[in-house]
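Note sheet for the following structure.
The values are calculated or read from the model by the stated rules, or taken from the named source; none is laboratory data. This is a predicted model, so every value here is computed, not measured. Backbone-built Cβ (ideal geometry, glycine too); neighbour counts: all protein chains shown.
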Amino acid sequence: MLKPLLMIPGPVEVDSEVLAMMARAPLSHTSPAFIEIFGECLDNLRDVFVAPDGQPIVVAGSGTLAMELAVANLVEPGDRAVVIETGLFSRRMTDLLRRHGALVEVLANQVGDIPQLEEIEAALIKKPKILAVTHVDTSTGVVAPIHQIATLARKYQVLTIVDGVCAVAGQEFRQTDWDVDVCITGSQKALAVPPGLALVMARPRALEAFRSRKVPVASYYSDWTFWLPVMQAYQARKPSYFATPPVSLVAALNESVRQVKLEGIEARWNRHCRLSKAFKAGVTALGLRQVPVRDEIQAVTLTAMYYPEGVDSSLLGKISAEGVTIAGGVHPSIAPLTFRVGHMGIDGIGEVLRTLAAIEIGLEIKSGIGVAAAQTCWMNWSRI
Ligand code: PMP
């Protein structure tokens, strides 16, 4: 039987050791075995975010809950916030901020581009409380220059929230060095765990802002008042409870994070970068135009492309017939014109070549030109 290959921007292919954790009988959340698993997982997550001074929070839920865990605890009604809009998920961030009472200024450019740094600085001079930015917007494949943006935010003492859902563990990100206050992600993207976990990494300034709140957090389940003592207890290898942790998913995350540590976060970023470059070389050779308007704002973790002339979303079905699942467009203004391939959580060039071969078959291109370009790029990597 044809082994299916999942190449969407999350959920992604999951390693067999990680999957095996999901198949074990659930542990008691207060058992010594689970306390060690959760404690180790929280400790090791600091290496994934490169946040030695970060406080991890891991909660049952998806990436959207992780966004809300950041927003609900930092925003008080009437606070001003700036959102750098690079796609659909930045818009979600704007909605969330407004829902929690923030007055939001949105900075946007044409689809596939990001606002200029000068424009961002002009908004920061007005001293909002929060700047929110999506590291990789999964609807456009645009990557934001987080280091530069966070440095600007620091200059004006603005708290930064980075939506790293489609980035953390696949795209270079150094939370402490880059001085990002809060970064959030979900389990189902570059961490390559099944969906179901919301992850937050909060650094001291964010915790301080939370502690000096004047009004209670509007969302009960998201309130850090409950979660911080629980996380700190597991880190101290003590039992704790606020709401039952998803023990099997936490065990799977711990295995994935252990693997990240074993490989080394830098090596993992490099591997993802090399795979992405190879895939992008392949689609470029096939004449496909990407959504990001410049090479340097193309994400590592996924590729968002326009269909060639005369092709529509029926291409996805033809690719799926070859056993490869890729994703259609989701950004409202370009959805019917675009498709997306995620390349997170895969081991090597094999998956990239198979995906390109399926795209060539779907497009009825007989030459293997995309596969060849990807393979050449992969082999020339050390010489780039
Ligand atoms: N932010 C980004 C950048 C995302 O890609 C996604 C999911 N595609 C989300 C937030 C929301 O995550 P979830 O679907 O897990 O709620």
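Couple of notes before you dig in:
- The residue list Ala209, Ala198 contains one member that is more than 16 Å from the ligand (Cβ to nearest atom) and of a type in the set (A, V, I, L, M), which is Ala209.
- Verdict on Ser139 being modelled with pLDDT of 95 or more, more than 14 Å from Met67 (Cβ to Cβ) and either among the aromatic types (Phe, Trp, Tyr) or within 16 Å of the ligand (Cβ to nearest atom) (or both): yes
- Some residue of segment 306-324 being assigned to a strand (DSSP E or B), over 21 Å from the mean Cα position of the chain (by Cα) and closer than 28 Å to Ala144 by Cβ: yes
- Residue list for segment 172-191, restricted to those being part of a loop (DSSP other than H, G, I, E, B), surrounded by 24 or more Cβ atoms within 10 Å (Cβ to Cβ) and more than 10 Å from the ligand (Cβ to nearest atom): Phe173, Val180, Asp181, Ala190, Leu191
- Here Ala122 does not fit the description of being buried (at least 17 other Cβ atoms within 10 Å of the Cβ) and at pLDDT 95 or above.
- Residue identified as on the phi > 0 side of the Ramachandran plot and within 14 Å of the ligand (Cβ to nearest atom) among Gly78, Gly63, Gly87: Gly87
- Residues located in segment 7-51, provided they are over 19 Å from Met231 (Cβ atoms), of a type in the set (Gly, Ala, Ser) and surrounded by fewer than 18 Cβ atoms within 10 Å (Cβ to Cβ): Ser16, Ala20, Ala23, Ala25
So that you can scan it fast, the table gives a plain yes or no per residue for (1) within 16 Å of the ligand (Cβ to nearest atom); (2) closer than 30 Å to Arg340 by Cα; (3) of a type in the set (A, V, I, L, M, F, W, C):
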{"site": "Pro4", "(1), (2), (3)": "no, yes, no"}
{"site": "Pro11", "(1), (2), (3)": "yes, yes, no"}
{"site": "Leu42", "(1), (2), (3)": "no, no, yes"}
{"site": "Val48", "(1), (2), (3)": "no, yes, yes"}
{"site": "Glu68", "(1), (2), (3)": "yes, yes, no"}
{"site": "Ala102", "(1), (2), (3)": "no, no, yes"}
{"site": "Pro115", "(1), (2), (3)": "no, yes, no"}
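- Helices (runs of 4 or more DSSP H) completely within segment 1-94 that count 3 or more residues being of a type in the set (Val, Ile, Thr): 32-49
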